[in-house]
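Shown next, in structure tokens, is the structure this report addresses.
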Amino acid sequence: MNRRISGILTPNITPVDDRGRVDEDKLRGYVDWLIDHGVDGLYPNGSTGEFVRFTAEERRHIVRIVVDQAAGRVPVLAGAAEANVEETIEACNAYGDMGVRAVAIVAPFYYPISSEGVHAYYAHIARGVRVDVTLYNIPLFASPIEVDVVIRLAEEYPRIIGLKDSSGDLPNLMRMMAAIRPMRDDFSFLTGWDAALAPMLIAGADGGTNATSGVLPELTRAIHRACADGDHKLAMELQYMLLPLFDAMIGLGEFPAGFRAGARARGWDLGRGRVPLSDKQQALIVTAEREINAMVRSTQAKMTGSSELPLEAIQVIARRVMEQLEK
């Protein structure tokens, strides 16, 4: 029986150059930096990686680079969603042949479908792939994967080995864990909602796929390790450090512009992404990026015990950023 996927897997930003092309050299360097800073795995072609803004050929190129650069140091969980089910199966098998640990597949998007349709979609994929599959529940962007559907799929298809949940719905995650863990000890539960990372881990999740880990991998790793050690007090103290930074980054501009800004605060200019921005949006990013940069530096300092800014000051900065966004 396979071990569960666990720890913090970074849904890495996709670096692009000035012409909007995938920047391979920068992606390789960023992969090394993330691994050196303690991430437990990598997750290319996720929402933070803007998978829908790249072609199928580019998505394969991105996964190939990440797998090659990781070189077995950490597992790779590759986003494999395509526009239709047969292309998704082809992508899954291509990534499996590249050496990924598993693939993550978002539920069908654009057309809302029923729970029975979601079940049929994943069942068809599970019967056609030769690589392990994790379900990806992100109701903000795709059809939701209901609790009963996850339980049915876990029971029926050994190839489906986990769930990445970005809904932030802790009670539903607990319902799934209570039903699935007794029958599938190999089934992994990962949270993709940074605002609830520590609570989800304390409740029993195995790890997270968190955008903040691409900016402050030390912080998300520390939260995971504190929970693993049973130090829930420390985990929640760290969670309250993460929360205002996450709120500021997720609220800035067109997602994931805020996380690109956060990466620049760590010395990684990964480009501006592929979504066009208005002059007003660009001006807002420039203004808010200074605040995010201060928050990143302050959080780093607090983790080493030398912060000059208390948590209250960080929260004030976060409120100013959010007020600017609301305007």
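The values are calculated or read from the model by the stated rules, or taken from the named source; none is laboratory data. No experiment lies behind these values; they were computed from the predicted model shown. Here Cβ is always computed from backbone atoms with ideal geometry, including for glycine, and neighbour counts include all displayed protein chains.
Quick check on the stretch 152-160. Is at least one of its residues under 20 Å from PRO75 (Cβ atoms), out of contact with any Asp or Glu (no Cβ under 8 Å at 6 or more places or on another chain), without any contact (Cβ under 8 Å) to a residue 40 or more places away in the chain and in a loop (DSSP other than H, G, I, E, B)?
Within the stretch 152-160, one or more residues are under 20 Å from PRO75 (Cβ atoms), out of contact with any Asp or Glu (no Cβ under 8 Å at 6 or more places or on another chain), without any contact (Cβ under 8 Å) to a residue 40 or more places away in the chain and in a loop (DSSP other than H, G, I, E, B).
Residues in the stretch 226-244: is at least one basic (Lys, Arg) and either part of a helix (DSSP H, G or I) or under 19 Å from THR10 (Cα atoms) (or both)?
yes
Which one is nearest to ALA265 (Cα to Cα), of the residues in the stretch 207-252 that are touching a residue at least 60 places away in the same chain (Cβ under 8 Å) and acidic (Asp, Glu)?
Checked the stretch 207-252; the qualifying residue nearest to ALA265 (Cα to Cα) is GLU218.
Considering only residues that are closer than 19 Å to GLU50 by Cβ and of a type in the set (Gly, Ala, Ser), which ones fall in the stretch 73-129?
ALA78, GLY79, ALA80, ALA81, ALA83, ALA91, ALA104, ALA107
Just one of the numbered conditions (1) within 26 Å of PRO217 (Cα to Cα); (2) crowded, with 24+ Cβ neighbours inside 10 Å; (3) among the hydroxyl-bearing types (Ser, Thr, Tyr) is not true of SER47; which one?
(2)
Report whether or not TYR95 is buried (at least 23 other Cβ atoms within 10 Å of the Cβ), under 20 Å from the mean Cα position of the chain (by Cα) and in a helix (DSSP H, G or I).
Judged against the criteria, TYR95 is a match.
Results for (1) outside any loop (DSSP other than H, G, I, E, B); (2) under 21 Å from ALA81 (Cβ atoms), shown as yes or no for each residue.
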| position | (1), (2) |
| --- | --- |
| ARG19 | no, no |
| VAL31 | yes, no |
| SER47 | no, yes |
| ARG59 | yes, yes |
| VAL63 | yes, yes |
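Just checking, how many residues over the stretch 93-150 are of a type in the set (Gly, Ala, Ser), at pLDDT 95 or above and in contact with a strand residue (DSSP E or B) (Cβ under 6 Å, 6 or more places away or on another chain)?
3
List every residue pair whose Cβ atoms sit under 7 Å apart, with the two residues 6 or more apart in sequence or on different chains, where the first one lies in the stretch 165-181 and is assigned to a helix (DSSP H, G or I) and the second, anywhere, is surrounded by fewer than 17 Cβ atoms within 10 Å (Cβ to Cβ) and of a type in the set (A, V, I, L, M).
Taking only residues 6 or more apart or on different chains, the pairs are LEU170/ALA203; LEU173/ALA203; MET174/ALA203.
Please identify the pairs in which a residue from the stretch 289-310 that is at pLDDT below 85 has its Cβ atom under 7 Å from the Cβ atom of a residue that is among the aliphatic types (A, V, I, L, M) and surrounded by fewer than 15 Cβ atoms within 10 Å (Cβ to Cβ), counting only partners at least 6 apart or on another chain.
SER307/ALA301; GLU308/ALA301
Identify, please: which residue in the stretch 46-67 is in contact with a helix residue (DSSP H, G or I) (Cβ under 9 Å, 6 or more places away or on another chain) and in contact (Cβ under 8 Å) with a residue 40 or more places away in the chain and is, among those, farthest from ASP25 (Cα to Cα)?
This residue is SER47.
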